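Notes to accompany the following structure.
Where a number appears in this text, it was derived from the coordinates with a stated rule and is not lab data. Everything numeric here is computed off the predicted structure, so don't read it as measured data. In this analysis, Cβ positions are derived from the backbone assuming ideal geometry, glycine residues included, and neighbour counts consider all displayed protein chains.
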Number of protein chains: 2
Amino acid sequence: MPPNFLAGRTMEQEIVYSQKQIELMDKALELFAGNGYDNTSVRDIAREADVNIAMISYYFGSKEKLLEAIFARHLTHVRNILQQIVKARDLSPVAKIDKIIDTYIDAITRNRNFHVLMIREQVALKNDKLYEMIRAMKTRNFELMQNAVKLGEKQGYFRKGIDVRMLALTLFGTVNQAFTNKKYLCEVYKIEEADSAAFDTHIITKLRSHLKLLFRNHLSHEGNHK
Amino acid sequence: MPPNFLAGRTMEQEIVYSQKQIELMDKALELFAGNGYDNTSVRDIAREADVNIAMISYYFGSKEKLLEAIFARHLTHVRNILQQIVKARDLSPVAKIDKIIDTYIDAITRNRNFHVLMIREQVALKNDKLYEMIRAMKTRNFELMQNAVKLGEKQGYFRKGIDVRMLALTLFGTVNQAFTNKKYLCEVYKIEEADSAAFDTHIITKLRSHLKLLFRNHLSHEGNHK
DNA sequence: AAGTAAATTAAACGACCGTTTAATTTAAAC
DNA sequence: GTTTAAATTAAACGGTCGTTTAATTTACTT
């Protein structure tokens, strides 16, 4: 008989997982991110996490619900990280934009596997529950950026008429592109692909300053010619 | 016995496909783009293209080689489209950047399915042949942009010290993000997702002008403060 | 019209998939 | 120490996968 907490639960409830379950989720995430959800079998996961195949259904109900559990778990983390930005009320608009850029990159860097999985699976998404989770996160991300830009406009730091929606597309698109093209970028910059620390210090550092300068130029008055 | 042209061939040779084969590739591409490569079975393809399952192996050797054939076919198209940029020698650096942006967006718009497939599968890529094809394309794309930027720098239109590698990441990342988030964007802009024409006129038009302004601000002298 | 190679078919192949079963072991409560 | 529920297991389930076979039809050459 399965453990009781899997029976019926609402969205809001935080689920407490056992050590074994967390280990299972972590191994599964690693495999999902590396090989894709479809290309990872429950047998792969079970082998890697050193549990019986049946435990996946026993713990999570199904392979798909395991994926949902992983998403719910990590999106909670992401939400917590984003709170940093909301708290930073006393920053100037320019500094706030910088912080948004840094925070987003930090969130991915800290949890690379999950973000790679999310970027990869969001294209293929048939699962309504996952789509809803990602949609909520995108909306929150956009609103954070919009608040910062609108404030900057009102206070006269930024020019008027900025298309925040498109600007958000640029931020998330550029960062995602960097992480999904890791292999290619490592080749170009002559970095060992497995060396994530080198990737972060050499390439992601470039990415940070590029985005900050790009946004500053675009948002500032001087940048607004024509 | 299979048709002779599948026996042994070099990279360079252009392959001539029969009408039936092209139809098969087109239907397969449609399904791959819609549901992902792994989620599309050869039975799905055969049913949609109205051929026997065995014809896929008979024509292309395997499902994977069918994917390779689709990539080779469409990447040839992309290469031809990019030639437009090389030919446009008499344009000013600013106009040339605009043309690169437009051409890249045109290439995707004209062949949406293939690009969605490519963006989706490049994350998961195990296949060396496909990776090589995509790598070559990325390098060509980068070089086009680098040539335009370097010329603009030399002629004094652009500021010095522009990180072209990161700028390319921004262009391709932003555009890819727009196309992979079509569903979400259509919700936000209240457009029917199936209405691709509306997506192009309302959202992609915004994307074009956003990117052009963004790049202009970033590349120009005035934009270079700090 | 006969001969021949290409095209097409239905059926079967073995492999792997996610899930479930039923039996057994483990652990905690009394 | 017995009872009881949770945890774990090996095995089997039905289904789908990509590919191959062997037989048949089609189309073209002589």
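Considering only residues that are more than 13 Å from DNA strand C (Cβ to nearest atom) and either crowded, with 16+ Cβ neighbours inside 10 Å or under 17 Å from A:TYR17 (Cβ atoms) (or both), which ones fall in the stretch A:29-46?
Matches in the stretch A:29-46: A:LEU29, A:GLU30, A:ALA33.
State all residues of the stretch B:47-63 that are in a helix (DSSP H, G or I) and either more than 8 Å from DNA strand C (Cβ to nearest atom) or touching a Pro at 6+ places or on another chain (Cβ under 8 Å) (or both); if no residue qualifies, say none.
Across the stretch B:47-63, the qualifying residues are B:ARG47, B:GLU48, B:ALA49, B:ILE56, B:SER57, B:TYR58, B:TYR59, B:PHE60, B:LYS63.
Which condition breaks for A:VAL123 when tested against (1) more than 19 Å from A:GLN19 (Cα to Cα); (2) crowded, with 20+ Cβ neighbours inside 10 Å; (3) within 14 Å of DNA strand C (Cβ to nearest atom)?
Among (1) more than 19 Å from A:GLN19 (Cα to Cα); (2) crowded, with 20+ Cβ neighbours inside 10 Å; (3) within 14 Å of DNA strand C (Cβ to nearest atom), A:VAL123 violates only (3).
Which members of the stretch A:172-201 meet the condition of being more than 9 Å from every other protein chain (Cβ to nearest Cβ) and surrounded by 13 or more Cβ atoms within 10 Å (Cβ to Cβ)?
Residues of the stretch A:172-201 more than 9 Å from every other protein chain (Cβ to nearest Cβ): A:179, A:182, A:186, A:190-201.
A:PHE179, A:LYS182, A:CYS186, A:ILE191, A:GLU193, A:SER196, A:ALA198, A:PHE199, A:ASP200 - these are the residues of the stretch A:172-201 that are more than 9 Å from every other protein chain (Cβ to nearest Cβ) and surrounded by 13 or more Cβ atoms within 10 Å (Cβ to Cβ).
I'd like the full set of residues that are more than 18 Å from A:LEU171 (Cα to Cα) and surrounded by 13 or more Cβ atoms within 10 Å (Cβ to Cβ), limited to the stretch B:202-216.
B:HIS202
Looking at the stretch B:182-201, is at least one residue basic (Lys, Arg) and at negative phi?
Scanning the stretch B:182-201, I find at least one residue that is basic (Lys, Arg) and at negative phi, so the answer is yes.
List every residue pair whose Cβ atoms lie under 8 Å apart, where the two residues are 6 or more positions apart in sequence or sit on different chains, the first residue falls within the stretch A:148-176 and is over 26 Å from A:ILE204 (Cα atoms) and free of Cβ contacts under 8 Å to residues at least 40 places away in the same chain, and the second residue, located anywhere, is basic (Lys, Arg) and part of a loop (DSSP other than H, G, I, E, B).
Cβ pairs passing all conditions: A:GLU153/A:ARG159; A:GLU153/A:LYS160.
Only one residue in B:ASN141, B:ASN113 is polar (S, T, N, Q), in contact with an Asp or Glu (Cβ under 9 Å, 6 or more places away or on another chain) and crowded, with 16+ Cβ neighbours inside 10 Å. Which one?
B:ASN113
Could you list, in sequence order, all residues of the stretch A:47-62 that are within 10 Å of DNA strand D (Cβ to nearest atom) and surrounded by fewer than 16 Cβ atoms within 10 Å (Cβ to Cβ)?
A:ASP50, A:ASN52, A:ILE53, A:ALA54, A:SER57, A:TYR58
Checking B:LEU66 against (1) within 10 Å of DNA strand D (Cβ to nearest atom); (2) crowded, with 20+ Cβ neighbours inside 10 Å; (3) within 14 Å of another protein chain (Cβ to nearest Cβ); (4) of a type outside the set (Val, Ile, Thr), only one condition comes out false. Which one?
Result: B:LEU66 passes all but (3).
Give me a count of the residues in the stretch A:29-46 that are away from chain B (no Cβ under 14 Å) and more than 15 Å from DNA strand D (Cβ to nearest atom).
2
Across the stretch A:100-137, which residue is nearest to the other protein chains (Cβ to nearest Cβ) among those that are outside any helix (DSSP H, G or I) and out of contact with any Ser or Thr (no Cβ under 6 Å at 6 or more places or on another chain)?
If we filter the stretch A:100-137 for residues that are outside any helix (DSSP H, G or I), which is where we start, we get A:111, A:123-127.
Retained after the next criterion (residues that are out of contact with any Ser or Thr (no Cβ under 6 Å at 6 or more places or on another chain)): A:111, A:124-127.
Working: A:ASN111: 16, A:ALA124: 5, A:LEU125: 8, A:LYS126: 8, A:ASN127: 12 Å.
It comes out as A:ALA124.
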